Amino acid sequence: MEITDIADNKTDTDGDIKRRTFINYPQVKCCGKAEKRINAFIIKIVDAYKKDASAASSYSYHRLKYRVCRHKPLSLFFESESRGKDGLFSYAPFSVTFSEHGYAVPLSLDKKQKRKVKRYFSDNGIRISYRDMKYSYYIDNNGDTVIYAKKSDKRRAKRSVVEYRAPSFAE
């Protein structure tokens, strides 16, 4: 599967720079229905991000970047960052793993694995629900499934993510 990096950078100005939006996203070379589904799914993510960024306050900076974690099955990890005029910072990671038919695949765990993952996160001070675990994962190049959760900080958003690595559940 061949992936092309697309950069969509925009600066809204009205005399001064009001809003900057930097978006990097992948595009799969089309040759079948699965690739078209994947591209349509990614475009929906990008369009929603653009809409949120355009509705943000003035003098803000928004960045969406991605990382390809695995090519087959395609697993992508996105990071969204936002900064405002007062220096406030927002960080939100999210990911999506696609099946060979181009559909987003939720993580399916049995009860024993769910309890083990939930206990790991609670030991690190993060409360995570089974519903949050369902789409908060990606598959890395080693074939391991990485379930992640963002640390909740009271003062400022930071780029800190707690990861649980396990042999692949999704394959």
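The values are calculated or read from the model by the stated rules, or taken from the named source; none is laboratory data. In this text the structure is predicted, and so the values were computed from the model without any measurement. Positions of Cβ are generated from backbone atoms using ideal geometry, with glycine treated the same way; all protein chains shown enter the neighbour counts. Surface areas here come from the heavy atoms of the whole protein model, side chains and all, with no ligands, DNA or RNA. Shrake-Rupley method; radii C 1.70, N 1.55, O 1.52, S 1.80 Å.
For every residue, the table says whether it meets (1) of a type in the set (Gly, Ala, Ser); (2) touching a Ser or Thr at 6+ places or on another chain (Cβ under 9 Å); (3) not in a strand (DSSP E or B).
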residue: Lys116; (1), (2), (3): no, no, yes
residue: Tyr120; (1), (2), (3): no, no, yes
residue: Ile126; (1), (2), (3): no, yes, yes
residue: Met133; (1), (2), (3): no, no, yes
residue: Tyr138; (1), (2), (3): no, yes, no
residue: Val146; (1), (2), (3): no, yes, no
residue: Ala149; (1), (2), (3): yes, yes, no
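The set of residues in segment 95-113 that are of a type outside the set (A, V, I, L, M), open to solvent by less than 70 Å² (accessible area, probe 1.4 Å) and either touching a strand residue (DSSP E or B) at 6+ places or on another chain (Cβ under 7 Å) or within 26 Å of Gly32 (Cα to Cα) (or both) comprises Ser95, Thr97, Phe98, Ser99, Gly102, Pro106.
What pairs come out if I take residues in segment 121-138 that are within 19 Å of Leu76 (Cα to Cα) and pair them with residues that are among the small types (Gly, Ala, Ser) and at pLDDT 90 or above whose C-beta lies under 6 Å away, six or more apart or interchain? Between residues of segment 121-138 that are within 19 Å of Leu76 (Cα to Cα) and residues that are among the small types (Gly, Ala, Ser) and at pLDDT 90 or above, the close pairs are Tyr138/Ser75; Tyr138/Ser95. You will find that of Ser57, Ser80, Ser95, Ser90, the residue that is polar (S, T, N, Q), touching a residue at least 24 places away in the same chain (Cβ under 8 Å) and not in a strand (DSSP E or B) is Ser57 and no other.
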